[in-house]
Amino acid sequence: MHKYKCEFLCVGGGIGGLMAAIAAGKKGIDVIVAEKADTRRSGSGSNGNDHFHCYIPECHGTDMSRVYREIGASFDAGPWVDSNLTAVWINRSFEIIKMWEEMGITMRPTGEWRFEGHGMPGQQLYNLKFDGALQKKCLTAEAKKQGARILNRVVIHDILTGEDGRVTGALGIDINNEEPEMVVIECKAALLATGMVSRMYPSITPAYMFNTPCCPATTGDAQAMAYRAGAKLVNMDMLNGHAGPKYLARGGKGTWIGVSTDIRGRSITSYNSKPSRATGDITADVWPTCYRDRLKQGKGPTFMNCTETPVEDLDYMLHTAMVSEGIDSITDYCEHYGIDLTKDMVEFGTYPIMMGQRGIEIDDHARSSIPGLYAAGNCTGNVNGSLAGAAAFGMVAGEDAAEYVKTVDEAPVGNEDLINERQQLYDAFMSRRDGAHWKEAASTLQNLMNEYASADQQNEDMLRAGMVYMGQLRENCLNELACANSHELLRSIEVLNMIDLAEPIFLCSENRKETRGPHVRADYSYMDITLNGKFQTIYKDKDGTVHLEYRFKK
């Protein structure tokens, strides 16, 4: 067993984790970043980004009521967020932009502030067009410059807490070698920033479970760890997804310069009738399930139509914007198969549920309900902001944790029973010669979620049956999974995290006895107006008792 010690642990080396490490490091705090891949290319921003939702005073003026109103109604905020948290990342966004420029991230590729995509016609545009192809390398270098120690290929599985309920450390495995090694990290505070849940439901191409629009390694690890530790989760009943080219699952729909049309080239909404490089196609932002809905209604298929896009804009989209976004595999595909976007339309589809911005409840200091435990990015459940939100709340968490660790004494890691339990489990997986492969467990999990916690329609009997089956799957995994090496143990841990995360999804979905937004109940087809303006939270106490509560949106 390898032991480490620090003041502040960042679990996840994506945008949120690295920004937290940088902020805490600047205040002289001893920081470790534990990342199960490599921080130079990990997380949902691993390949790059090209939109940074922000407020820049010289571009957007000083009427903050308008800024809050327009951004609050946008794709990067939406109804399932606390408005006070949206204000936090909006107000700190320009500060981050200037900081990133100093780190070497190209925030003004043309030499000026340019705003494109995810824009509503007639409103100000807030998505800064930048080149994020090198963002992870630059952030990694800055984190190291500020003194952070980076442990790549270290998988954190559990947050450890003391008798007083506060964070004392974390437990995981080092997978750098063929044979995994247990890792215990002693710390006073920890940040969870491991992203969304991208493999809990079947891929749009089920035989290829890693064909996902975001990083396939983001498997709800933070949300599951937080839930097991007793932290509150929020909005787990509001399932969400993404959209893009139908069978080539790539995000970045805001990077396309075209119009969503039917097979005859007619726009399916009134928002855009002609391609606009400035606004992009807003259709899927305001109607996320449009492509699936139209198929169910017998109106599909639906296409991204770029046939009227100016040639210079097409060239820019394919060879500049998609490179910055990290989705230039689309460009490669078009070139390889001779797809001419001046003539050919690309069918778009709604991707399976990914559970982004559904998870850990935080306050405006990025604190969870557990003392010393913070969260940022896609694993949080009551704030969005996408890239900007992850960066801002990572920075906020690092700043707050730097002050928090000064107020608490060192405490023993403790949790010997849990550490021994995990050691025995990992040893059993690694020593088992005849057993089930992690892919069997993963595909069973996806089928159960797709059938019994569907995004299309749910009912009480299906949800309860799904809970029973999920419990049986968990028991079978513990007794039958066999791992030949570190990589297979990593994948098995991911599956176990997603199985644990299924519980709050089923329980919250059953407890919300209404139909609202993406939550559709066949046995409660109406909206319960007593729940207007309320979010649902869930947590487990030390005895394992589950608590479900509704609270007003802030």
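Quick notes on this structure:
- Among the residues of the stretch 111-124, those that are at negative phi and in contact with a Lys or Arg (Cβ under 8 Å, 6 or more places away or on another chain) comprise 114, 115, 116, 124.
- Note on the stretch 494-529: residues that are open to solvent by 40 Å² or more (accessible area, probe 1.4 Å) and touching a Leu at 6+ places or on another chain (Cβ under 7 Å) total 2.
- Counting only residues that are in a helix (DSSP H, G or I) and surrounded by fewer than 24 Cβ atoms within 10 Å (Cβ to Cβ), the stretch 290-306 holds 6 of them.
- Remark: residue 484 matches the filter, which requires a residue to be assigned by TED's automatic domain parsing to the domain that holds residue 432 and outside any helix (DSSP H, G or I).
- Consider the stretch 86-125 and keep the residues that are charged (D, E, K, R) and farther than 13 Å from residue 395 by Cβ. The one that is surrounded by the most Cβ atoms within 10 Å (Cβ to Cβ) is 116.
So that you can scan it fast, the table gives a plain yes or no per residue for (1) at pLDDT 95 or above; (2) open to solvent by less than 60 Å² (accessible area, probe 1.4 Å); (3) part of a loop (DSSP other than H, G, I, E, B):
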site	(1), (2), (3)
284	no, yes, no
288	no, no, yes
308	yes, no, yes
312	yes, no, no
318	yes, yes, no
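- The numbered conditions (1) under 19 Å from the mean Cα position of the chain (by Cα); (2) assigned to a loop (DSSP other than H, G, I, E, B) are all true for residue 340 except (1).
- Condition check for residue 159: in contact (Cβ under 8 Å) with a residue 24 or more places away in the chain, aliphatic (A, V, I, L, M) and open to solvent by 20 Å² or more (accessible area, probe 1.4 Å): no
- Failed item in (1) part of a loop (DSSP other than H, G, I, E, B); (2) surrounded by fewer than 22 Cβ atoms within 10 Å (Cβ to Cβ), with residue 279 passing the rest: (2)
- Within the stretch 11-40, considering residues that are in contact with a strand residue (DSSP E or B) (Cβ under 6 Å, 6 or more places away or on another chain) and farther than 21 Å from residue 491 by Cα, the one surrounded by the most Cβ atoms within 10 Å (Cβ to Cβ): 20
- Scan of the stretch 41-80 for residues that are surrounded by 24 or more Cβ atoms within 10 Å (Cβ to Cβ) and assigned to a helix (DSSP H, G or I), ordered by number: 71
- Any hit, the stretch 134-152, residues being part of a loop (DSSP other than H, G, I, E, B), open to solvent by 40 Å² or more (accessible area, probe 1.4 Å), over 25 Å from residue 356 (Cα atoms) and not basic (Lys, Arg): yes
- The condition of being under 21 Å from residue 189 (Cα atoms), modelled with pLDDT of 95 or more and not aromatic (Phe, Trp, Tyr) holds for only one of 95, 7, 112, that being 7.
The values are calculated or read from the model by the stated rules, or taken from the named source; none is laboratory data. Everything numeric in this text was worked out from a predicted model, so none of it was measured. Every residue, glycine among them, receives a Cβ derived from its backbone with ideal geometry; neighbour counts consider all protein chains shown. Heavy atoms of the whole protein, side chains included, go into the accessibility calculation; ligands, DNA and RNA do not. Shrake-Rupley method; radii C 1.70, N 1.55, O 1.52, S 1.80 Å.
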